[in-house]
Amino acid sequence: MKLAVRVAAAVFFVSFAAVSAVRAQVPYNQGAVERVVLIHVNSGHFNSLMADFKKNVVPLWESEKAAGLIVDYQIFLNQTTDGSDDWDLGYSLTYKNMAALNGLPDKVYDLRMKHYGDKDTEQKVIDKRVEDAHVVHSYLLRDITVR
C-alpha cells in the first residue's frame, strides 16, 4: 500500500512539473495592453474634432492617467490613405495589463461626470462628436517581449 501511495505521489509531482515546464516554454512575456482606435473625420470637421479633443478628450485622459487607470495615450495622423473612407486620425490608450480593464467604465464614470458636470452635457458633446467623425476600427492589442 505504501508503495502504491509513493508511486501515485511521484506520478503526480512529475505531471505537475511537466505542466509547469510547458508554461515556461512560451516564447514571450506578456506586457501592456493597448486600445487603438482609428477614426474617419468627416469632410470639413477636422478643426471641430481637434477642438473637442483639446477641450474634452485629452483632459479626461490626463485625469485617467493621474488616477492610474491608463499608463499613457497617443494621438496620431494617417499619412497614407487608401481612399475617401479610410481613417484620418487615431489614438491609443495604454493600460498596465488586462486586469486594468476590469470594471473600467465604473472607474472612469466619476472622472467623466467631474469633467462634464452631468450626463446631459456629456451627451451633447458626444452627439457633436458623432457629427464630426466615426470610428473605422478599434483594436485591443497585447504587447509582448520575445524571450
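The values are calculated or read from the model by the stated rules, or taken from the named source; none is laboratory data. All of these numbers come straight from a predicted model, not from anything done at the bench. Ideal geometry is used to build each Cβ from the backbone, glycine not excepted, and the neighbour counts take in all protein chains shown.
Values for this structure:
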| item | result |
| --- | --- |
| Cross-chain or 6+ apart pairs with Cβ under 7 Å, region 30-47 first and within 11 Å of LEU89 (Cα to Cα), then assigned to a loop (DSSP other than H, G, I, E, B) and among the hydrophobic types (A, V, I, L, M, F, W, C) | LEU38/TRP87; ILE39/TRP87; HIS40/TRP87 |
| Members of region 88-106 found to be under 14 Å from the mean Cα position of the chain (by Cα) and either basic (Lys, Arg) or assigned to a loop (DSSP other than H, G, I, E, B) (or both), listed by number | LYS96, ASN97, ASN102, GLY103 |
| Residues located in region 101-145, provided they are exposed (fewer than 13 other Cβ atoms within 10 Å of the Cβ) and aromatic (Phe, Trp, Tyr) | TYR109, TYR139 |
| Exclusive hit being in a strand (DSSP E or B), modelled with pLDDT of 95 or more and either surrounded by 15 or more Cβ atoms within 10 Å (Cβ to Cβ) or not β-branched (Val, Ile, Thr) (or both), set LEU38, LEU49, LEU69, LEU60 | LEU38 |
| Pairs with Cβ under 9 Å, 6+ apart, first in region 104-117 and in contact (Cβ under 8 Å) with a residue 24 or more places away in the chain and β-branched (Val, Ile, Thr), second crowded, with 16+ Cβ neighbours inside 10 Å and outside any helix (DSSP H, G or I) | VAL108/LEU69 |
| Meets criteria (touching a residue at least 12 places away in the same chain (Cβ under 8 Å), aliphatic (A, V, I, L, M) and part of a loop (DSSP other than H, G, I, E, B)) for ILE75 | no |
| Check on ASP85, within 30 Å of GLN123 (Cβ to Cβ), surrounded by fewer than 16 Cβ atoms within 10 Å (Cβ to Cβ), in contact with a strand residue (DSSP E or B) (Cβ under 8 Å, 6 or more places away or on another chain) and at pLDDT below 90 | yes |
